[in-house]
Amino acid sequence: MAAAGSGTPLEEEGPSGEAAAPQPQAPTSAPGARLSRLPLARVKALVKADPDVTLAGQEAIFILARAAELFVETIAKDAYCCAQQGKRKTLQRRDLDNAIEAVDEFAFLEGTLD
Amino acid sequence: GRRGAGRKPVWIRLWRRGKSGRRGGLRKRLETEARASAPSAMAERPEDLNLPNAVITRIIKEALPDGVNISKEARSAISRAASVFVLYATSCANNFAMKGKRKTLNASDVLSAMEEMEFQRFVTPLKEALEAYRREQKGKKEASEQKKKDKDKKTDAEEQDKSRDEDNEEDEERLEEEEQNEEEEVD
């Protein structure tokens, strides 16, 4: 199944401001199904970094961006559970390390964050 | 351990490789900076493989209860983790594309990757997001088609537009072209 045809080429090729908060790509068309906030150009750069990848459709890039957002939310929440046990109100790096060790789904991160 | 001893997946290798940079001048600059300031070269790596800090921070803050803060180190580590996540997901998704004898990663490859990576809980929200995205893309396409029609009232132009838009290959080629162009710039 090829990527769904779309008249517009990939957007966000222009300045994806590093420092400033980038604008959301597009207005939300349906409540609850918020479109990605991560700039697709950056996600695309990551995808292209893989030498085994030939091409990636626009939809795939979008889904990856959205998945990365969900991942950030998930890992932040899991790390927060650890911080809560220490009754702290600031998430520290060690909370993240604990979450990575405790949660099986985060095993792929071991050894990659240093 | 939880992973096979010594077995490092492709995406970890390329993550590390990406961190040190492939261009001579860049590597020199990174090394100088790394020597000057203790933290990992990762912090000085140009934005290519990083996701914007501001957006990551916002996502984290919205996921956590009010009044909860995050240290810079933790935020930075989460950002890196997100990049690694994308690389890992890409690699998994690519396996599915190859199994399907396709050269282009598509949305269902990514969804299959999520399941393989044990992030099934992401699949439903991702499918919803995909539907919204498709509706929006369709809306944009129709809007731009409408603009074209309004601009150019010739019947010939209309017929040309129709056949061009139905041709999915065009989009892939364009993407490929873009990618080739980008390759030239980067390397």
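Quick rundown of the values:
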quantity: Computed over the stretch B:59-134, Cα set: Rg, Dmax in Å; calculated: 15.3, 50
quantity: Per-residue average of Cβ from other chains inside 10 Å of B:138-149; calculated: 2
quantity: Note, ³J(HN,Hα) from phi for the stretch A:63-70, Karplus 6.51, -1.76, 1.60, rounded to Hz, x at Gly and Pro; calculated: 4, 5, 4, 5, 5, 5, 4, 4
quantity: Buried on assembly, the stretch A:74-93 (at least 50 Å² less accessible surface than by itself, 1.4 Å probe); calculated: A:Tyr80, A:Lys89, A:Leu91, A:Arg93
quantity: With 10 Å bins from 0: P(r) over the stretch A:40-109, alpha-carbon pairs, percent; calculated: 19, 36, 28, 15, 2
quantity: Accessible surface, per residue, of the stretch B:45-118 when the full set of protein chains is kept, probe 1.4 Å, Å²; calculated: 38 Å²
quantity: In the A-B interface, the accessible area buried, summed over both sides, Å² (probe 1.4 Å); calculated: 7900 Å²
quantity: Relative contact order (percent, whole number), the stretch A:40-109, Cα cutoff 8 Å, 6+ residue spacing; calculated: 20 percent
quantity: Cβ-derived FRET efficiency at R0 41 Å, B:Lys138 paired with A:Thr90, nearest 0.05; calculated: 0.40
quantity: Links that overshoot a 23 Å alpha carbon limit, given the list B:Lys72/B:Lys127; A:Lys44/B:Lys140; A:Lys48/B:Lys101; B:Lys99/B:Lys141; A:Lys44/B:Lys149; A:Lys48/B:Lys72; calculated: B:Lys72/B:Lys127; B:Lys99/B:Lys141; A:Lys44/B:Lys149; A:Lys48/B:Lys72
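The values are calculated or read from the model by the stated rules, or taken from the named source; none is laboratory data. Bear in mind the structure is a predicted one, so any value in this text is a computation, not a measurement. In this analysis, Cβ positions are derived from the backbone assuming ideal geometry, glycine residues included, and neighbour counts consider all displayed protein chains. Accessible surface areas use protein heavy atoms only, side chains included; no ligands, DNA or RNA. Shrake-Rupley method; radii C 1.70, N 1.55, O 1.52, S 1.80 Å.
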